[in-house]
Amino acid sequence: MITVIANLKGGSGKSTVLFNLALWLKEQGESVITFDLDPQGTLSDVADVRKDEELEVLDVLTDINEIANHLDKNVLIDVGASNMNDMKAAIKAADRVLIPVSPSQPDLWATQRFLKIVKESVNEDKSLELLAFVNRADTHRMVRESDETEEALNSIKSIEVIPHRLCQRTMFRRTLSEGMSINEIAPNSKSAKEFNTLATALYADKT
Ligand SMILES: Nc1ncnc2c1ncn2[C@@H]1O[C@H](COP(=O)(O)OP(=O)(O)OP(=O)(O)O)[C@@H](O)[C@H]1O
Ligand SMILES: [Mg+2]
């Protein structure tokens with residue numbers, strides 16, 4: 001299955017989520033290949049951190065044309081708005097697009113714009129699932145923005161909202177800086193539980 005993790009908005013957590021999903025799949029014994037199509041190279045950099053730290057290697061490719069050689073694996077693709085050609089090509093190839101959305105109005109606007117781009121890029125011969133979830137949700141229940149963002153996402157007909165949020169937590173930030181998965185850094189933590197719930201929902205019966 002080919003999953004593209006995308007949104008137009010920078011900093012919504014695409015690379016963090018992809019990196020952790022890739023390692024979660026490996027932790028489940030699944031085969032994974034990742035593509036870093038974002039010129040910023042976050043995924044390539046974090047994979048290098050793992051090499052330096054002598055942790056299990058995460059394979060990262062940068063040429064989308066290589067995708068055909070890896071269709072037997074779980075494919076995860078990181079894209080960025082600064083390379084729209086590759087973003088559109090990845091969407092064409094994808095079975096599903098996972099859209100992390102931070103709780104804010106600009107992020108919702110960017111998500112709606114992004115959905116227009118998806119519509120333009122979509123491969124008519126293939127069915128494409130569009131999944132969104134709230135990332136960087138506030139940990140305080142009194143703050144309503146995360147609920148409001150999820151409600152707004154629920155009102156968009158073309159997407160399915162996954163009701164498992166990731167909160168804004170230091171541990172998620174540390175996964176990128178240390179090159180370790182949330183289960184490697186903080187097993188049994190709230191962050192790990194949140195992430196495992198999201199990942200399980202995403203891959204239930206699909207690996
Ligand atoms: N749930 C979270 N809790 C705390 N920090 C987070 C969370 N998700 C992402 N971050 C942090 O926010 C920053 C941006 O995340 P990330 O690089 O994954 O976003 P991105 O969408 O890939 O950004 P870009 O568009 O620049 O590629 C990083 O420092 C990351 O560690
Ligand atoms: Mg990124």
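Oblate is the label for segment 2-199, because the ratio a/c of its alpha-carbon gyration tensor axes (a ≥ b ≥ c) is 1.5 or higher and a/b is not greater than b/c. Can you tell me the relative contact order of segment 2-199? Whole percent, Cα pairs under 8 Å, sequence separation 6 or more. Reported as a whole number, the value is 25 percent.
Secondary-structure-derived ellipticity at 222 nm for the chain, considering helices only, amounts to -13000 deg cm²/dmol, per-run term -39500 (n - 2.57) for DSSP H runs with n ≥ 4.
Of all the accessible heavy-atom surface of segment 45-144, with the other protein chains kept in place and a 1.4 Å probe, what percent is carbon and sulfur? Write out the running numbers ahead of the final one.
Working: 2500 of 5490 Å².
Summing carbon and sulfur atoms, their accessible area is 45 percent of the total for segment 45-144.
Based on protein heavy atoms only, the chain ends up with 49 Å² per residue of surface accessible to a 1.4 Å probe. Taking the Cα centroid of segment 47-68 and of segment 101-119, what is the distance between the two, rounded to the nearest whole Å? Spelled out, the Cα-based centre of one part sits 29 Å from the other.
Rounded to the nearest 5, what is the percent of antiparallel bridges among the DSSP beta bridges in segment 2-199? Could the numbers behind the result be given before it?
Numbers: 0 of 23 bridges.
Roughly 0 percent of the beta bridges in segment 2-199 run antiparallel, per DSSP.
Taking a 29 Å limit on the Cα-Cα distance, which of the listed pairs 73/193; 51/126; 51/119; 126/193; 26/116 fall beyond it? Intermediate results must be reported in sequence, preceding the final value.
On the way: 73/193 25 Å; 51/126 36 Å; 51/119 38 Å; 126/193 33 Å; 26/116 33 Å.
From 73/193; 51/126; 51/119; 126/193; 26/116, over 29 Å: 51/126; 51/119; 126/193; 26/116.
For segment 161-207 versus segment 2-18, the inter-centroid distance based on Cα atoms is 14 Å. Selection among 134, 191, 32 by position relative to the dipole of the chain gives 134 as farthest towards the positive end (Cβ unit charges, Cα centre).
Sort 87-98, 111-122 for me by packing, meaning the mean count of neighbouring Cβ atoms within 10 Å per residue, highest on top. Spell out each step's value before the answer.
Values: 87-98: 20.9, 111-122: 16.1.
The peptides rank, most packed first, as 87-98, 111-122.
May I ask you to derive the FRET efficiency for residue 56 and residue 125 from their Cβ-Cβ distance with R0 = 35 Å, giving the value to the nearest 0.05? Efficiency computed from Cβ-Cβ geometry: 0.45. Placing unit charges on the Cβ atoms only, positive for Lys and Arg and negative for Asp and Glu, gives the chain a dipole magnitude near 700 debye about its Cα centre. Please label the shape of segment 92-183 as rounded, prolate or oblate, based on the square roots a ≥ b ≥ c of the eigenvalues of the alpha-carbon gyration tensor (a/c under 1.5 means rounded; beyond that, a/b larger than b/c means prolate, else oblate). Note, shape of segment 92-183 comes out oblate.
The values are calculated or read from the model by the stated rules, or taken from the named source; none is laboratory data. Note that the structure is a prediction, hence the values are computed from the model and not measured. Every residue, glycine as well, gets a Cβ built from its backbone with ideal geometry; the counts of neighbours run over all protein chains shown. Ligands, DNA and RNA are stripped out before the accessible areas are found, and what is left, the full protein with its side chains, is counted by its heavy atoms. Shrake-Rupley method; radii C 1.70, N 1.55, O 1.52, S 1.80 Å.
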